[in-house]
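Before any comments, here is the structure.
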Amino acid sequence: MSLLAIHTLGSPILREETQLVTAFDDDLRTLIADMFETMYAASGIGLAAPQVGRTERLTVVDVEGAKYAIVNPEIVFREGKDRAEEACLSMPELYGDVDRAKRVIVKALDGEGKPIEIHATGLLARCLQHEIDHLHGKLFIDYLSYLKRRAQLVKWEELRVEYPGNLRQLKAGAVTEPDGETM
Ligand SMILES: [Zn+2]
């Protein structure tokens, strides 16, 4: 397994549409293992393939022990509304309140290509919606009002110098953010 560099805001791949995964092979298994390792090293609860510079329609999540590798996901049901603060591994130290569905059902495949259906509420539901957005080039700051988004982007102009080439290099064993709810 190896730690992958996380692409930060400004990297074009974060705005690209992903491609459906069709091969469930060793390459995919390695990518999934590397993504879990990278997510844990960054103290995240979710990580999507574009965040590590890949175009596969794939995300990994571990929300309070609910751990999934999720391939080609689709939200087939959403219900209710819930507003809470989000943070993203690709935009360290940016925050914003985002409205999401309170409850979702996601249909997907697992890392072996077997169909899975995830019934989620609360933080898991939020994390799934955040990650599936990543698979379609969408970021949580897109949901903020013009003024709030602008304030975060101004902040980012100062923060981004820490990430040359829009890449965030993680160090093995170094656990960073203590909040643990970054996706
Ligand atoms: Zn994110």
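Among the residues of region 64-83, those that are in a strand (DSSP E or B) and closer than 24 Å to Met35 by Cβ comprise Ala66, Lys67, Tyr68, Ala69, Ile70, Val71, Asn72, Pro73, Glu74, Ile75, Val76. Here Asp133 fits the description: in a helix (DSSP H, G or I) and closer than 15 Å to Leu47 by Cα. Check Thr59 against each of (1) of a type in the set (S, T, N, Q); (2) buried (at least 23 other Cβ atoms within 10 Å of the Cβ); (3) farther than 18 Å from Ala87 by Cβ and name the one condition it does not meet. Going through the list (1) of a type in the set (S, T, N, Q); (2) buried (at least 23 other Cβ atoms within 10 Å of the Cβ); (3) farther than 18 Å from Ala87 by Cβ, Thr59 breaks only (3). The residues of region 33-47 that are under 12 Å from Ile70 (Cα atoms) and either at pLDDT below 95 or buried (at least 21 other Cβ atoms within 10 Å of the Cβ) (or both), listed by number, are Met35, Gly46, Leu47.
With the structure loaded, tell me whether Ala108 is more than 16 Å from the ligand (Cβ to nearest atom), in a loop (DSSP other than H, G, I, E, B) and either touching a strand residue (DSSP E or B) at 6+ places or on another chain (Cβ under 9 Å) or not acidic (Asp, Glu) (or both) or whether it fails that test.
Details: more than 16 Å from the ligand (Cβ to nearest atom): yes; in a loop (DSSP other than H, G, I, E, B): no; either touching a strand residue (DSSP E or B) at 6+ places or on another chain (Cβ under 9 Å) or not acidic (Asp, Glu) (or both): yes.
No; evaluated as a whole, the condition is false for this residue.
In the condition set (1) more than 23 Å from Arg54 (Cα to Cα); (2) touching a helix residue (DSSP H, G or I) at 6+ places or on another chain (Cβ under 6 Å), Val154 is compliant with all but (2). Here Lys155 fulfils each of the conditions (1) closer than 30 Å to Asp25 by Cβ; (2) at pLDDT 95 or above apart from (1).
Test Val60 against the stated conditions and say whether it is closer than 23 Å to Leu167 by Cβ, of a type in the set (A, V, I, L, M, F, W, C) and in a strand (DSSP E or B). Talk me through it step by step, then tell me what you get.
Details: closer than 23 Å to Leu167 by Cβ: yes; of a type in the set (A, V, I, L, M, F, W, C): yes; in a strand (DSSP E or B): yes.
So Val60 passes the test.
A count restricted to region 21-39 and to residues that are part of a loop (DSSP other than H, G, I, E, B), more than 12 Å from Thr59 (Cα to Cα) and not aromatic (Phe, Trp, Tyr) stands at 3. Filtering Leu94, Leu124, Leu128 for residues that are in contact with a helix residue (DSSP H, G or I) (Cβ under 6 Å, 6 or more places away or on another chain), crowded, with 18+ Cβ neighbours inside 10 Å, not acidic (Asp, Glu) and not in a strand (DSSP E or B) leaves a single hit, Leu94.
Table: residues versus (1) within 15 Å of the ligand (Cβ to nearest atom); (2) at positive phi.
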{"position": "Leu123", "(1), (2)": "yes, no"}
{"position": "Leu128", "(1), (2)": "yes, no"}
{"position": "Ile132", "(1), (2)": "yes, no"}
{"position": "Ile141", "(1), (2)": "yes, no"}
{"position": "Tyr146", "(1), (2)": "no, no"}
{"position": "Val154", "(1), (2)": "no, no"}
{"position": "Glu158", "(1), (2)": "no, no"}
{"position": "Gly165", "(1), (2)": "no, yes"}
{"position": "Arg168", "(1), (2)": "yes, no"}
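The values are calculated or read from the model by the stated rules, or taken from the named source; none is laboratory data. Quantities reported herein were computed from a predicted structural model and do not represent experimental measurements. All Cβ positions, even for glycine, are placed from backbone atoms using ideal geometry, and neighbour counts span all protein chains on display.
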